[in-house]
Structures are given as C-alpha cells and as structure tokens.
1. In the structure displayed, which of K33/K146; K77/K160; K33/K171; K13/K178 lie more than 27 Å apart, Cα to Cα?
2. Top mean-square fluctuation among G132, G200, G155, Gaussian network model of the chain, C-alpha springs under 10 Å?
3. Could you tell me the distance between the Cα centroids of the range 6-67 and the range 149-190, to the nearest Å?
4. Once the Cβ-Cβ distance between L260 and A117 is put in as r, and R0 is 41 Å, what FRET efficiency do you end up with, to the nearest 0.05?
5. Under 13 Å from the Cα of K108, which aspartates and glutamates turn up, not counting those fewer than eight places away in the same chain?
6. Do you know the relative contact order of the chain, to the nearest whole percent, from alpha carbon pairs under 8 angstrom that are 6+ apart?
7. For the range 66-78, just list the computed ³J(HN,Hα) in residue order, Karplus coefficients 6.51, -1.76 and 1.60, θ = phi - 60°, integers in Hz, with x standing in for Gly and Pro.
8. How long are the semi-axes of the equivalent ellipsoid of the range 94-144, taking √(5λ) for every eigenvalue λ of the Cα gyration tensor, in whole Å from largest down?
Amino acid sequence: MILIGERINGSFKDIGAAIKEKNKAPIQDWARKQTEAGADYLDVNLGAVSKSPEDFHWLIETACEAVPTPLSIDCNKLDLMRVALEAYRQIAGARPLVINSTTAEDSKLMPLVELAAQYDGGLIGVVMDERGSPQDIDRRVELGAKIFAVAMEAGLPPEKIFLDPIVMPLKFMQEQGKNVLEAIRQFAMISDPPPHISIGLSNAASKAEERALINRTFLVMAMTAGCDAAICNVMDAELMNAVATAELVLNKEIYSDSYLKAHRKRG
Ligand code: THG
C-alpha cells in the first residue's frame, strides 16, 4: 500500500496559519510525525489560504528540509503546478514525486502528462472533466480509461499512473460509496499490469461523527476492490493496523506474528 500523508494541507487551521506566518515548525513537525508513522509520500497543499508561487515554494522547501520523504504536490492550477515542480527538483534533486493531480479535461490532461514525463513523477488522475465529478460508475470508468490511455500514449508506464475515483462524503452522498468501490474494481482491469488506484480517504468521513471508523472500514473495502494507494491520516494507528492486516488477508505481505511491528518499521 502506498500511504500518502494528508496533513500538510492549508485547509487545516494550524497549517493555514503557519503558511501565512511563514512559521516552519508546525509543518516540519507534521512532516516528521507522518514520516515516522510510515508515510511513503507527504501530500503538500496550500488549501485556500494562498495561491502564490512563492508560498508554495516555501512550503515545499520547508517540508523537504525536515525529512527525506518524497512529496505529493497537490494543486489544481496548472501554472502553480509548473512552478512547484521546478522548485521541488531544485530543492530535492532526484527525490521521487507524485503530481496530484490532473483531471480528464483536455486543457489539463496533456500538459500534466507532459510534466509527469519531464519531471519523472507519478501522476494522479482524478475522474473529473469540465462537467464536474460523475456520480455514476460508467462515467468514472470512462474518464479513468481516458486518462490512462492518454498517459500511456505519451509514454508513462502503468506504475507512474494513479487513477482516483473521487471519494464522496458518505454522510451527504451515501449511494456513492458502492459506486466508488465498483469503479475501483473496473480500474484494476484496465490493463495488466494495472495502474495504481488512489483515493482521498478522509473525504469519506467528512463531517461525520464516526470519522475514524468510517475511514478504516472504507479503506479496507477499497483495498479489497484493488485500491493500492491512499491520501489519508497516517497518524491514526488503528487505520495503519487495519492496512497491515488487510495486506496479510490479501496475501500482499508474508504473515508473521509480529507483522504490526514490521509494518510500522517499514516507514
Ligand atoms: N484526491 C486527490 N487529492 C486530494 C483529495 C482527493 N487532495 C485533497 C483531499 N482530497 C485529501 N486530503 C484531505 C485532507 C484533509 C481532510 C480531507 C482530505 C479533512 N478535512 C476535514 C473535514 O473535511 O472535515 C477538515 C479539516 C480540519 O479539521 O480543519 O480531514 O480526493 N487526488
């Protein structure tokens, strides 16, 4: 499972304030904590507090100097993404990279696929287009297949392509849970080997009372359907234990009595 720590996101109050005040400590603290918890990547996102290239450069530099963990650069503006990728390569050298994200829109898909090739990064493709995010299975799969085909055509191998079916809040769009799971099942059959399949997990429990339980249950079900990457709260030890256990049940890791300890050390 590829675990992407969600916490360095300006939509969290402490991170938003840290970006505004250019206060490195909270960001570097979360970078270290998420790395220790086993994050393979750290998602970095300015949120709504800034759209400035200087602020994104600062955020990337701040995270990179605290830990050697690769970043998932999360932004939906093409121009801002260009600046961020250039900054990341300058600061972090050849460190692995995930570009988060493109949509299936023609105006974004080709440029972002080219950036992924140029910067040798993975690319998350969320199944949205100019009409927004689909509510049904077929349209999700159609847009996923389009993203996959365009990326492959441009020379990205399947292991650099991540399809994201867009997880919706269970509380407000309850029927979308099973549609997302079925879309994941179909993404896994797009090619052999398949692309990675990634979800923004915490969306599932947005505004809900039982956040941790909903996230944990959703992630295990998504893994069964073929999901192998998640932007999530890696600080939730129960969530990490559920991931480790699901990997055993799916025979992705070899059983040992101390598998939880082994999984924790992995990061
Ligand atoms: N797909 C991709 N990228 C994404 C998402 C996705 N990036 C952003 C987001 N979705 C994933 N990251 C988060 C980060 C935090 C929360 C949810 C998703 C979260 N928010 C609280 C809430 O919604 O209630 C509020 C934050 C707070 O506590 O202040 O937990 O789907 N590719």
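1. Details: K33/K146 37 Å; K77/K160 21 Å; K33/K171 29 Å; K13/K178 32 Å.
K33/K146; K33/K171; K13/K178, as the Cα separations exceed 27 Å there.
2. Its mean-square fluctuation being the largest, the pick is G132.
3. Spelled out, the Cα-based centre of one part sits 26 Å from the other.
4. Working: r = 39 Å, r/R0 = 0.94.
Plugging the Cβ-Cβ distance into 1/(1 + (r/R0)^6) gives 0.60.
5. Cross-link targets: D79, D129, E130.
6. Details: 480 pairs, mean separation 46.1, N = 267.
About 17 percent, as a whole number.
7. With the stated coefficients, the range 66-78 comes to 7, 9, x, 5, x, 9, 10, 8, 9, 6, 9, 9, 4 Hz.
8. Values: eigenvalues 110, 24, 10 Å².
The equivalent ellipsoid of the range 94-144 has semi-axes of 23, 11, 7 Å.
Read the figures in this text as sums done on the coordinates, not as results from a lab. Remember, predicted model here, so these are calculated numbers, not experimental data. Please note: Cβ atoms are built from the backbone with ideal geometry, for glycine as well, and neighbour counts cover all protein chains shown.
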